[in-house]
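Okay, so here's the structure we're looking at.
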Amino acid sequence: MARVAIVTGGTRGIGRAICETLVADGFSVVANYAGNEEKARAFTDETGIPAYRWDVGDHQAVLDGIAQVEAEVGPIEVLVNNAGITRDGTLLKMSFEDWDAVMRVNLGGCFNMAKACFPGMKTRGWGRIVNIGSINGQAGQYGQVNYAAAKSGIHGFTKALAQEGARFGITVNAIAPGYIDTEMVAAVPEAVLEKIVAKIPVGRLGQASEIARGVAFLASEQGGFVTGSTLSINGGQHMY
Ligand code: CAA
């Protein structure tokens, strides 16, 4: 029986590439998404991967959603916490709502999803959790106190949960992507993005598939001795 993997924010961008790579590696994949119904329907039509809608920042919605997926597809053995949003702006201009939304979705989403999936993984004695952090959680980024704090929190969350999961056969790791060619990065003003790309030693944005390959390794059987680690995939922009 194929292992079931769930990818939050799985219908677009990096999440979509992760879904497609895990399918190619033999997993039974489920995508979660929050808002864009049209893109989610197109994703399922094109890939055959089922997509379930809930807000990862909503604790009860996550518990209900995971119960539904486990009843309809099977026990979740691989969790990829990929869902994330940006609300960029300098602190002086950032509203409390911009702060709160990013913390709730990006960091709260990891807690909510792990809370729902971890008990079953523990009972079965096997699990893989991969959290998508960010270079900006490692190095900080002008205009992103919310996002950098949430992503930095994901790196701490990963190391703490890795210690709790180890004796149950559950590995917990993070990937810290750099600037990847997605809609999220395309939303950065062109002049700002040009300056950022100029600081990437390999001289280009990353591809979503390059992040997905790292996730696939951490989710694999062979990844069993890797836990609590952060894999930076950033073209050399931040060597950490
Ligand atoms: N360091 C120091 N000063 C900076 C700076 C930096 N990195 N960037 C801008 N400034 C300065 C500017 O030079 C400017 O100063 P002056 O007025 O003296 O010229 C001042 O700050 C205001 O800059 P902006 O005109 O850019 O201000 P703004 O309010 O219009 O925009 C911003 C601010 C929204 C933060 C904008 O700069 C921005 O979008 N920056 C990009 C943020 C970013 O990288 N987001 C990543 C999104 S993708 C992602 O997050 C995925 C991932 O994981 C990597």
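The values are calculated or read from the model by the stated rules, or taken from the named source; none is laboratory data. What you see is a predicted model, and the numbers here were worked out from it, not measured in a lab. Methodologically, a virtual Cβ is constructed for each residue, glycine included, from the backbone with ideal geometry; neighbour enumeration extends over all protein chains shown. Accessible surface is based on the protein model in full, side chains and every heavy atom, while ligands, DNA and RNA are left aside. Shrake-Rupley method; radii C 1.70, N 1.55, O 1.52, S 1.80 Å.
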Between Glu221 and Ala187, what is the spin-label point distance in nm, taking each point 7 Å from the Cα along the Cα→C-beta axis?
4.0 nm
Please list 3J(HN,Hα) in residue order for segment 190-196, calculated via the Karplus relation 6.51 cos²θ - 1.76 cosθ + 1.60 where θ = phi - 60°; whole Hz, with x for glycine and proline.
3, 5, 5, 5, 4, 5, 5
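Please quote Rg/Rh for segment 129-198 to two decimal places, taking the Kirkwood radius as Rh and restricting both calculations to Cα atoms.
Details: Rg = 14.5 Å, Rh = 13.3 Å.
Ratio of gyration radius to Kirkwood radius for segment 129-198: 1.09.
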So what's the gap between the Cα centers of segment 50-88 and segment 221-240, to the nearest angstrom?
24 Å
Label-point separation (nm) for Arg53 and Ala2, each offset 7 Å from Cα along Cα-to-Cβ?
2.4 nm
Percent accessible area from carbon and sulfur atoms, the chain, protein chains only, probe 1.4 Å
55 percent
Based on the Cβ-Cβ distance of Lys159 and Asp45, what FRET efficiency does E = 1/(1 + (r/R0)^6) give at R0 = 35 Å, to the nearest 0.05?
0.35
Can you list the residues, at least 5 places off or on another chain, whose amide H is less than 5 Å from the amide H of Val4, using H built in the peptide plane?
Ser28, Glu77, Val78
Taking R0 as 35 Å, what's the FRET efficiency between Arg213 and Lys93 from their Cβ-Cβ distance, rounded to 0.05?
0.40
Pop out the ³J(HN,Hα) list for segment 23-33 in order, Karplus 6.51 cos²θ - 1.76 cosθ + 1.60 with θ = phi - 60°, rounded to Hz; leave Gly and Pro as x.
4, 4, 8, x, 7, 8, 9, 10, 9, 10, 8
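Kirkwood hydrodynamic radius of segment 4-232 from all distinct Cα pairs, in Å?
Details: mean 1/r = 0.0568 Å⁻¹.
Computed over Cα pairs of segment 4-232, the Kirkwood hydrodynamic radius comes out at 17.6 Å.
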If amide H atoms are built 1.01 Å from N in the plane of the peptide, which residues on other chains or at least 5 residues away come under 5 Å of the amide H of Gly127?
Ile170, Thr171
Gyration tensor on Cα atoms of segment 1-80, a ≥ b ≥ c root eigenvalues, a/c under 1.5 rounded, else prolate if a/b beats b/c, else oblate, says oblate
Virtual spin-label span in nm between Ala67 and His238, 7 Å along Cα→Cβ
3.8 nm
May I ask you to give the average projected area over all directions of the convex hull of the Cα atoms of segment 117-234, in nm² rounded to one decimal?
7.8 nm²
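Within segment 4-232, how many Lys pairs sit with Cα atoms under 19 Å apart, leaving out pairs fewer than 8 places apart on the same chain? Please list the in-between numbers first.
Working: Lys115/Lys151; Lys115/Lys159; Lys122/Lys159; Lys151/Lys159.
Lysine pairs, 8 or more places apart or on different chains, close enough: 4.
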